[in-house]
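Colleague: One structure, as structure tokens, below. Some questions next.
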Amino acid sequence: MALLEIQQLSRRFGGLRAVDDVSFSVPEGIIKAVIGPNGAGKTTLFNLIAGNLPLSAGSVSFKEKRISGLKPFQIASKGISRTYQSIKLYLGMTALENVMVGCHTHSSAGFLAGMFNLPWTWKEEKQIREKSMELLSLLDIAEFADTEATSLAFGQQRAVELARALASEPELLLLDEPAAGLNIYETARLAELITKVRDRKITVLLVEHDMSLVMDISEEIVVLSFGRKIAEDTPHAIQTNREVVRIYLGEDDDA
Amino acid sequence: MGLKKYIPIPILLLAVVAIQLTTHYTETPFYLTQLTMSAYYALLVTGLCLVMGYAGQISLGHAGFFAIGGYTSAALTTFNFTPVKDHAVLRFFDKFHLLMTTEDMFGDILLNFHPWAACVIAIIVTIIIAFAIGIPVLKLKGHYLAMATLGFGIIIYRIVLATEFFGEADGISEVPGFNVLPGVSVNGDFDARIQNYYIAWTLVTIGLVLLLNLIHSRVGRALRAIHGAEDAADAMGVDTAGYKLNIFVISAVFASIAGIFLTHYNGGIGPSEAGVMKSVRYVAIVAIGGMASLWGALVMAVGLSFLSLRGMFGSYDDAVFGAILILIMLFAPDGLLRLHYLDKVKRFFRKTEDIS
Ligand SMILES: Nc1ncnc2c1ncn2[C@@H]1O[C@H](COP(=O)(O)OP(=O)(O)OP(=O)(O)O)[C@@H](O)[C@H]1O
Ligand SMILES: [Mg+2]
């Protein structure tokens, strides 16, 4: 059964077809990559799935229910979490607090419970804090828990973002260029992490320019070019797909 | 764990008592009047601090909510409803014993709302109006939100100024005291001065505890996340629109309660309380207090309101607050009480907490 089903999805910006009639599905439990040259529409595709942008046509279904048209927070609470190509951490909050916000969907203390500091919320807060610390440790950044997240080094900021996304215990994780700006060691560690995440039964949809990372860890690849899907196959088949090589790999062969 | 946030509360209470005792021994009890009024303004300002500093929204309409509370309570407890006492609406309220009769000095029977009933009705009215305004307006951001809330403030101001029921330019006077509990009455009587000082500061303390709790809760974290990166908060499942609306309404209720109590304390309310310059003043106080600092907002609200009420700014009163706003925005957008030594103190406490 496909976890995510994208059908004839389109998004126009004026005359530009940023995503043009794209259909594919993401089966449960795999790592699937979306690749394509700059401006191919990969980030736009993520924004459509996560509800950040209204779509022009088509539909997105998650667990066989239509999610297109829902607000981002509703989609998030259904079990889709994401990271951003341009990191978006909460200004003025520590790394730990950033990750704790990630626990929002799986906790419930509201305005009244918060204002009256009801005893049952203490336990919830403690759990949130512990879980967030564990995630920071998992990503090797526990020592920066109390540092303001936006003042961390680039790679660490990416790690905080990933921890935050994992804190929401998503069923589908959308990663938009998670390796951008990382050195080779960090990238290798990331590859390991993403595989570990997949082993925890979290399905991963990954946008990435780092071809060796993509070919190493993903089970299926979708190729976009100028908003259109030009191929969808296994990594091995994609590497030998003539159109892909011509349109994408051919013009960017040092990738 | 978690008690650290209350540390300043006993300090505040000690200061409150110390100030009262000082006025007693220096025979300057008249200061208590302005300190009581300042406390109510502080209640409003701390509520606004959550909207501005934590959720990152601005409201130039909070004097409007103060006025809605004050005017509703004043009108219901002061207007003589005897001529319309057989109206279905009044009979409805009477059935629940929400009305009371008093005799004026000419022996005429006056029919008014009980202050508690008036207070609850005023708060409900505030909540309804805050939702009605907040739902469309909070979709806006930045300057647009500022302008829209400003528009709301102007509307409230013109309404109280133009409505006979609200006393037009004279406002409402001879508002009775508010017997909050048996023996505890909010009024401006000379011998109730000390009691009222403590009533006001009790209310401020309760308000502060509620807001401190909220800031340090899951909701407070979500509000700060909205401030820090709104779409990323949304992407983590925070209902950003709903949260902004709720905190706006809560702060409106704080403003309204401040208006209700201050009106009973002063024995009246006039249109200047609804004025736009008042709203600007509250925003300026939150800004100078450090935006996201409840304690900064509290200290600045009390200090500046006190000076203003003592007439220290003379006829430049409003100009002073305008100037504060400009200077803060130019030179200290993080507020005055955010100097580096404070950070050091904070770090010190953080370390000691880690060890424990
Ligand atoms: N909000 C927007 N308004 C107008 N045009 C946009 C907007 N967002 C994206 N575009 C355009 O849509 C196209 C696809 O952009 P998108 O960011 O999705 O590409 P991408 O595949 O993520 O590229 P990259 O690899 O550089 O991240 C580009 O031409 C871009 O300029
Ligand atoms: Mg992109």
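Colleague: On C-alpha positions alone, give me the angle between the axis of helix B:30-49 and the longest principal axis of chain B, in degrees, nearest 10.
Modeller: 60 degrees
Colleague: Tilt of helix B:8-25 relative to the longest C-alpha principal axis of chain B, in degrees (0 to 90, nearest 10)?
Modeller: With both axes taken from Cα atoms, the answer is about 50 degrees.
Colleague: Another question, if that's okay. How large are Rg and Dmax for region A:91-168 when calculated on the C-alpha trace, in angstrom?
Modeller: Cα-based Rg and Dmax for region A:91-168 come out at 12.8, 39 Å.
Colleague: The protein assembly as shown: percent of C-alpha pairs farther apart than 44 Å?
Modeller: Here the long-distance tail beyond 44 Å is 33 percent of all Cα pairs in the protein assembly as shown.
Colleague: Taking the Cα centre of the protein assembly as shown as the origin and placing charges on Cβ (Lys, Arg +1; Asp, Glu -1), which of B:Leu304, B:His227, A:Leu135 is farthest toward the positive end of the dipole?
Modeller: Of the options given, the answer is A:Leu135.
Colleague: Now a separate question. Which value, in Å³ per residue, describes the convex hull spanned by the Cα atoms of chain B?
Modeller: 172 Å³
Colleague: So what's the back-of-envelope 222 nm ellipticity for chain A, counting only DSSP H runs of four-plus at -39500 (n - 2.57) apiece and dividing by all residues, rounded to 500?
Modeller: The helix contribution divided over chain A gives -11000 deg cm²/dmol.
Colleague: May I pose another question? Convex hull volume of the Cα atoms in chain A, per residue, in Å³?
Modeller: Measuring per residue, one finds 136 Å³ for the Cα hull of chain A.
Colleague: Accessible area per residue of region B:133-213 at 1.4 Å probe, in Å²?
Modeller: Here the per-residue accessible area is 54 Å².
Colleague: Could I ask something else about it? Using Cα-Cα distances under 8 Å and only pairs 6 or more residues apart, what relative contact order does chain A have, in percent?
Modeller: 27 percent
Colleague: Relative contact order for region A:91-168: what is it in percent, counting Cα pairs under 8 Å that are at least 6 residues apart?
Modeller: 55 percent
Colleague: Moving on to the next point. Any idea of the accessible area per residue across chain A, 1.4 Å probe, to the nearest Å²?
Modeller: About 44 Å² of surface per residue is accessible.
Colleague: How high is the relative contact order of region B:1-158? Use alpha-carbon pairs under 8 Å, at least six apart in sequence, and give a whole percent.
Modeller: Value for region B:1-158: 27 percent.
Colleague: What does the buried accessible surface come to for B and A, summed over both chains, with the probe at 1.4 Å? Round to 100 Å².
Modeller: Protein heavy atoms only, the B-A interface buries about 2900 Å².
Colleague: Taking Cα atoms, how many degrees apart are the long axis of helix B:142-162 and the longest axis of chain B, rounded to 10 and kept between 0 and 90?
Modeller: Value to nearest ten degrees: 20.
Colleague: What spacing in nm lies between the two simple spin-label points modelled at B:Ser315 and B:Ile109, each 7 Å away from Cα in the Cβ direction?
Modeller: Each label point is offset 7 Å from its Cα along the Cβ direction, giving 5.1 nm.
Colleague: Taking 7 Å along the Cα-to-C-beta vector as the label spot, tell me the B:Ile7-A:Asp216 distance in nanometres, rounded to one decimal.
Modeller: 4.6 nm
Colleague: Using only the alpha carbon atoms of region B:3-50, find the Kirkwood hydrodynamic radius as the inverse mean reciprocal pair distance, in angstroms to one decimal.
Modeller: 12.2 Å
Colleague: Cross-link list A:Lys126/A:Lys201; A:Lys65/A:Lys123; A:Lys123/B:Lys4: which exceed 28 angstrom alpha carbon to alpha carbon?
Modeller: A:Lys65/A:Lys123
The values are calculated or read from the model by the stated rules, or taken from the named source; none is laboratory data. Computed from a prediction, not measured in an experiment: that's the story for all the values here. Methodologically, a virtual Cβ is constructed for each residue, glycine included, from the backbone with ideal geometry; neighbour enumeration extends over all protein chains shown. Side chains included, ligands, DNA and RNA excluded: accessible areas come from the protein's heavy atoms. Shrake-Rupley method; radii C 1.70, N 1.55, O 1.52, S 1.80 Å.
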